[in-house]
Each structure stands twice: as structure tokens, then as C-alpha cells.
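See structure below.
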Amino acid sequence: MQSVDIDQIRSLPLFATMAQENFDSLVTGAYLQRFPAQVELINEGDLADFLYIVLEGRVELYSTGNDRETTMAMITPVSTFLLAATIKSACYLMSGRTIKASRVLLIPSEDVRRVLDIDPGFSRAIVDELATCYRSVVKATKNLKLRTAVERVGNYIIRLQDKSDGADMVELPVGKRVLASMLGMTPENLSRAFSALQSYGILVSGPRIEITDRAVLVAYCKPDPLIDDMTS
């Protein structure tokens, strides 16, 4: 790994407070892999052999059942995924594949659990990480259960604009099929939601969304930090 990769990993909240020698042992025992797009990294039901860190690219977490498939999350650099399965030495509840060419660091799960037992800073960071993940799941469930499809799409656009420093023009980071799955709807319902929202301050042109009147969009969609704030 390049030193910049190590610095980025070290700066993640999960690793920031652990002892240097323990961090070094995790990195030394890890595997840095390059994957082209559309490579299956993990399969749901398999035992969690590794903790994954995406350094470049993008990974889609998804699940299947009853001849259906749904996108659960998109993992972007630099971030970990599937920590809970690693800690519990349990099976993955989701599958994962690369959406674009990616560099991924694989840390053996047994190494993670070994350091967990001896490093208080790492242990506390894991508790914080898992608590944040739990709260994110609660917020995602509220988003699905308390909002219409149109409101979910509208609030997604508002969050996307916030991440773009308030830019009037934003671009969808994923395809519309994947976005529909992430928001719990069919592609047809997503298309209808985009059409409906054009009466509430947006214009849609392919993957590009122009926010023409944020005040109107906010008034209709009613963003709520207890749902939309993913930082706490």
C-alpha cells in the first residue's frame, strides 16, 4: 500500500484511536486487491472471513430472495463494510460486488477480533461504529415506512444537494435502476416520482437534476434530521 492509503485508513474513526502497534499488525496482515467492475466480492450466507475497506471505486451491497434482488447500500471510498459479521464471526447478510474498478483492502476477521480483545481504543471505536450503523438502519426504515415514494426521492435529492455544497445542479451517483432499489421502489415508480417532483422545484435531464426552487422542494418533502442526518 501507498503511505497515503495507510494514512486514510488510519484516519477512519474505526482505527483512529487504536494503538499504533495494533494498527500496524492489522495492516501488515491485510491483502490489497484490485478488482474490475462487476466482480462478486462476497455472497450472503458465506462466513465473514474478512473486514473490507474500499480505497477506490464503488461497491454495491445487495440481497436476493424469492427471485427478487434489492440494493441495500453503496460503499464509497474510504470506508469499511460488514463489520458486524466480522465481529460476530457470523455469515454475511448481504452480497457485494464492484460497480466500477476498485481497490479493496481485506483484513482477516480473526485479526480484527484478536485486536478487539486487547485494544480498548479499538473496542470503543467498534462500539461507536456499530451504534452508528444501527441508527442508520432505523433512519432508513423510517424513511421507507413514513414517506411516500415521491417524498423519499425528494429528500434524496435534498441530501444530494447538501453533499454538493448547495449546487443548483447535481448528478445522480448511481443508475436509476439502482437508485430505485435503494429507495424501495420500482424503476417505473421512480420515473413517476421524478415527474411529480417537477412541480415542486426540480428539473430532470437523464442523470442530472436541477434544483430550481429548493424552498418549494423542502416545503413539500419536509426533510427531518431524525431521518436524513446520516452523520449521527
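Quick one: plug the Kirkwood hydrodynamic radius of segment 124-199 (C-alpha pairs) into Stokes-Einstein at 4 °C, 1.567 mPa s, and report D in µm²/s.
The Stokes-Einstein estimate is 94 µm²/s.
Find the relative contact order for the chain and round it to a whole percent, using C-alpha pairs within less than 8 Å whose residues are 6+ positions apart.
Relative contact order for the chain comes out at 19 percent.
So for segment 1-75, what percent of the C-alpha to C-alpha distances run longer than 22 Å?
On the way: 1015 of 2775 pairs.
Counting pairs separated by more than 22 Å, the tail of P(r) holds 37 percent.
Output ³J(HN,Hα) for segment 124-139: one whole-Hz value per residue in order, computed from phi by the Karplus curve 6.51 cos²θ - 1.76 cosθ + 1.60 with θ = phi - 60°, and x for Gly and Pro.
5, 5, 5, 4, 4, 5, 5, 5, 5, 4, 4, 5, 5, 5, 4, 5
Which whole-Hz couplings ³J(HN,Hα) result when phi for each residue of segment 106-112 is put into the Karplus expression 6.51 cos²θ - 1.76 cosθ + 1.60, θ = phi - 60°, listed in order with x for Gly and Pro?
For segment 106-112, the Karplus-derived couplings read 10, 9, x, 4, 5, 5, 4 Hz, x marking Gly and Pro.
Going by C-beta contacts inside 10 Å, put Ser63, Ser199, Ser181 in order with the fewest on the left.
Ranked by crowding around the Cβ, least crowded first: Ser199, Ser63, Ser181.
Cα-based Rg of segment 157-232 per 2.2 N^0.38 Å, rounded to two decimals?
1.07
Let me check the size of the chain from its C-alpha atoms; what are the radius of gyration and Dmax in Å?
19.1, 57
No value in this document is a laboratory result; all are computed from the given coordinates. Since we're looking at a predicted model, the values are computed, not measured. Note that we place each Cβ from the backbone using ideal geometry, even for glycine, and neighbour counts take in every protein chain shown.
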